[in-house]
Amino acid sequence: MKKWVCKKCGYVHTGGSAPSNCPVCHVAGTQFREQTADDEKRVLTSITKLNIQYAHRFLGYIGEAQYLHGHTGTLTIEVEGGVNTSNGFVVACNSIKNHTWEYLVNFDHAIILQEEDPILPELLKVYEAQGIKDGSSFNTSTGVVFDTDLAKAYPKCRLVVVKKVATVENLLEVFYSLLKDTLNIKKLTFTSGDNAATLNVK
C-alpha cells in the first residue's frame, strides 16, 4: 500500500491515493506527495504540550475528590515517525497542537462528569433555565463534537460526560481514542495537580 506525506505538517496517509485533505492541518490533498524509499529513515519524535482548565469529581470516592473541584491539566503528546524531507519535521508541533486542540478544547473551562452522576441532570436543568444549555454568544471556543464508547462532548454547554471516573489514567484513554487514527502516537502523558499518568503506545 502506498504512503502519502503531507508537505505542510508531515502527516502520513496510507492508501491507494492521497486523501482529499489532511485530517491534521486541513490542507488540500494536492499538498501530499508519495513517500519514497529515499525518504529519511531515522525515526524521531515530535513532542508538544497543551494545557486545559477543568472541573470534575470522583463519584463514590471517599475523600475530598468526591466534591466538585478544579484542576490545571497538561497533556504531553509524543508523535513518532521519519523526518519529512519537505519540512524537516516528523509532524510539525503546531499542527499537532492545533489538531489536538480541536478535541481538547471541549475539556477546557468545562465540567467533566460521569454519566450516572446525579449532578448531571441538575446541571443541565440550571443551564436550561439560564438559557445557556444550547450555547451562548460568549461560548466561542467550541470543539469537534464526539460521541465515543468512552465519552461524549457537549461543546455548546462546556460539558463532557464520561463512562469512567475522570482520573488522569481514564482521561488519557479518552484522549488517545480521539487522536489515535490521525497521529502516530508513541506516548501520552497527562498531569493534573499532583497526579500524572503515562500511556506508552509503542
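Quick notes on this structure:
So that you can scan it fast, the table gives a plain yes or no per residue for (1) within 25 Å of G81 (Cβ to Cβ); (2) surrounded by 18 or more Cβ atoms within 10 Å (Cβ to Cβ):
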| position | (1), (2) |
| --- | --- |
| Y154 | no, yes |
| L172 | yes, yes |
| D181 | yes, no |
| K186 | yes, yes |
| F190 | yes, yes |
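- Check on N139, under 19 Å from L50 (Cα atoms) and surrounded by 13 or more Cβ atoms within 10 Å (Cβ to Cβ): no
- Selection from segment 115-144 of residues that are over 12 Å from C157 (Cβ atoms), without any contact (Cβ under 8 Å) to a residue 60 or more places away in the chain and among the β-branched types (V, I, T): T140, V144
- Residue that is over 13 Å from the mean Cα position of the chain (by Cα), modelled with pLDDT under 95 and over 18 Å from S95 (Cα atoms), where the choices are V161, V201: V201
- Residue pairs whose Cβ atoms lie under 7 Å apart, sitting 6 or more positions apart in sequence or on different chains, and linking a residue in segment 58-72 that is without any contact (Cβ under 8 Å) to a residue 40 or more places away in the chain and assigned to a loop (DSSP other than H, G, I, E, B) to a partner that is surrounded by 12 or more Cβ atoms within 10 Å (Cβ to Cβ) and of a type in the set (D, E, K, R), are Y67/R57.
- When every residue of segment 107-123 is checked against the conditions, at least one turns out to be under 24 Å from T198 (Cβ atoms) and surrounded by fewer than 17 Cβ atoms within 10 Å (Cβ to Cβ).
- Only listed residue being of a type outside the set (S, T, N, Q) and within 19 Å of L183 (Cα to Cα), chosen from E102, E64: E102
The values are calculated or read from the model by the stated rules, or taken from the named source; none is laboratory data. Predicted model, so just to flag it, every value in this text is computed and none were measured. In this analysis, Cβ positions are derived from the backbone assuming ideal geometry, glycine residues included, and neighbour counts consider all displayed protein chains.
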